[in-house]
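In what follows, a single structure is set out as structure tokens and then discussed.
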Amino acid sequence: MANLRNGSFLQKLVVRVPFIWLLAFFLLPFVIVLKISLSQTAIARPPYTPVLDLTAGWHGVTAFFAGLSFDNYALIGSDPLYVLSYLKSVEIAAFATLMLLVVGYPVAYAIARTSPRWQAVLVLLVILPFWTSLLIRVYAWMNILQRDGLLNDVLMALSLVKTPPAWLATDTAIYIGIVYSYLPFMVLPLYATLEKLDQSLLEAAADLGCPRWKAFWLVTLPLSSSGVIAGVLLCFIPIVGEFVIPDLLGGSRAPMIGQTIWVEFFGNQDWPAASAVAVVLVCLLVTPIVIYQHQAMRAAERD
Amino acid sequence: MRKVSAFNLVSLAVGIAFLYVPIVVLVIYSFNASRLVAVWGGWSLHWYAVLVNDAALIDAASISIRLALLSASAATVLGTLAALALVRFGRFRGRLLFAAMIYAPLVMPEVITGLSLLLLFVAVAADRGFWTVAVAHTTMAMCFVTVIVQSRLADFDRSLEEAAMDLGASPLKTFFAVTLPLILPAVIAGWMLAFALSLDDLVIASFTTGPGATTLPIRIYSEVRLGVKPEMNAVCSIMIAVVAVAVTTASLFGKLTTARGRPGRVQT
């Protein structure tokens, strides 16, 4: 940055202001969560102990560290409620991501095949619902899925069912809600790679007598792998921690982990347990998050 | 010339219908005269009239709008600075950590972001309310702004900036006279996205809010938790209309499309 040398003060400012903001409001909160996950619940304000008391000097610091324990983690490991909640979240996220890929790929592929003018319109149509509130979109499905809602009306009218089945408070409703809400996150990265795909490769495959499905399998799919990875990560990671969708569409019998954190926190007021559940969740997501960051940084540098 | 097969057309039709049918159904039902949500009782504006007298709801809406304006603006400034840092200043100390802190919040489950920020506010004994939610929303939204502005910054011709500086413009002047106008569409798109994210957010706001700062999503959530309510159909329809008008207007001016996917990259 030779020609910005005069602006070295400005340059420092440009880097440091957002850097310090993120350290204070993204990294530091995580350190605090980690600390509280090692604390005990207490009927006090704040509702956990030990609290680091710097006014007590060195004695305060040693007392603080002596008070930390791994009890909350032992609790998570031994209580099937938590274990089942994690398993259910990962299961739902995995199947939902697979469904998103199956639904999203043909849509993204079709958009990439249309003329540039149509592509702009169709991409906008896919993005538009994403701009409206997630809460509203989930609520819209509550309208449709309720017992005397539109879906059952249609099924009854077509005589597909005799008695209207309950959709709400089932895993099916959660899957519908998730696939619906996350579809743009799957379609857009897939479209971005498919749109850049060199069509002449497919023509070459066809000229050499390769059937269409085989050309898709051998050429299109491998070349769009970066879009597939981006879409899968962009969906899978947040779905694991999803709260609104399972809370409104699913039941409370087998909660996903986001609901468990919410209940521990707001219902049981057990902040240390909620923190420990959150720490384990982050650990669970660390691998996909690191892969995602790597991908995102590479994509940013490629641009 | 690309061929659009019947299969492609069907996928498109089904995909787009899947995205829009629930929203259309919601809007239609908001005009339902019947108290029973599932029974059609003819067209009516009754539920919109009910809203006008719902002081708590209007209060929540005004808080949400002020919150979104403030946090979107702060997030745009911080996010643009972060994008400049990442694209223009190459390798600086802590760049890897910095980049990690930009990309991680994009996928971080909201429950975790909300919980961790709340625990920070409790630890520093901050009074929870409007300002704590504003800080939380700014933090969450700035990373989205960074990613949008970053792709635009990486794109444009650096020699324009160099020319300005060779002609004696200060770095600050170069930024405002050359760089900012060129990245403005992305900055505006970033601001709009930050605004929408803030207006949308339920989870992070629920954790970080305090007495007297009930946002619109928190209010709607507490109403719809136990079932569908006709007034809520009307509120949601109004919000959908506002978003649809805003986004369509913006995209007609080409702002969103240029920021999201770059024109000229389209192959024929």
Determine the pairs where a residue that is within 8 Å of chain A (Cβ to nearest Cβ), located within region B:136-156, has a partner that is of a type in the set (Asp, Glu) with Cβ atoms under 9 Å apart, the partner being 6 or more residues away or on another chain. B:Ala136/B:Asp201; B:Gln150/A:Asp303; B:Ser151/A:Asp303; B:Ala154/A:Glu301; B:Ala154/A:Asp303; B:Asp155/A:Asp303
So A:Val123 clears everything in (1) at pLDDT below 85; (2) more than 23 Å from B:Ser116 (Cβ to Cβ); (3) buried (at least 21 other Cβ atoms within 10 Å of the Cβ) except one condition, right? Which one? (1)
Which one of the conditions (1) touching a Phe, Trp or Tyr at 6+ places or on another chain (Cβ under 7 Å); (2) closer than 30 Å to B:Ser62 by Cβ does B:Pro185 fail to meet, given that it meets all the rest? (1)
Among the residues of region A:19-32, write down those that are at the interface with another protein chain (Cβ under 7 Å from one of its Cβ atoms) and either out of contact with any Ser or Thr (no Cβ under 8 Å at 6 or more places or on another chain) or loosely packed, with under 15 Cβ neighbours inside 10 Å (or both). A:Phe19, A:Leu27, A:Leu28
Restricting to region B:159-174, what's the tally of residues that are at the interface with another protein chain (Cβ under 10 Å from one of its Cβ atoms), in a helix (DSSP H, G or I) and without any contact (Cβ under 8 Å) to a residue 12 or more places away in the chain? 5
Of the residues B:Leu182, B:Leu199, which single one is touching a residue at least 24 places away in the same chain (Cβ under 8 Å), within 30 Å of A:Leu128 (Cβ to Cβ) and facing chain A (nearest Cβ under 8 Å)? B:Leu199
Does B:Ala38 count as closer than 26 Å to A:Arg137 by Cβ, within 7 Å of another protein chain (Cβ to nearest Cβ) and either at pLDDT below 85 or buried (at least 23 other Cβ atoms within 10 Å of the Cβ) (or both)? yes
So which of B:Ala126, B:Ala99 is surrounded by fewer than 21 Cβ atoms within 10 Å (Cβ to Cβ) and part of a loop (DSSP other than H, G, I, E, B)? B:Ala126
So B:Leu226 passes all but one of these: (1) surrounded by fewer than 22 Cβ atoms within 10 Å (Cβ to Cβ); (2) more than 17 Å from the chain's Cα centre (by Cα); (3) part of a helix (DSSP H, G or I). Which condition number does it fail? (3)
For region A:279-303, give me the residue count where each residue is of a type in the set (A, V, I, L, M), at the interface with chain B (Cβ under 8 Å from one of its Cβ atoms) and within 14 Å of the chain's Cα centre (by Cα). 4
Of all residues in region A:155-200, count the ones that are assigned to a helix (DSSP H, G or I) and of a type in the set (A, V, I, L, M, F, W, C). 16
At least 3 residues that are within 16 Å of the chain's Cα centre (by Cα) in each: list the helices (runs of 4 or more DSSP H) lying fully within region A:71-154 that qualify. A:80-113, A:134-145
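The values are calculated or read from the model by the stated rules, or taken from the named source; none is laboratory data. Small disclaimer: the values here were computed from a predicted structure and weren't measured. Cβ: placed from backbone, ideal geometry, glycine included. Neighbour counts: every protein chain shown.
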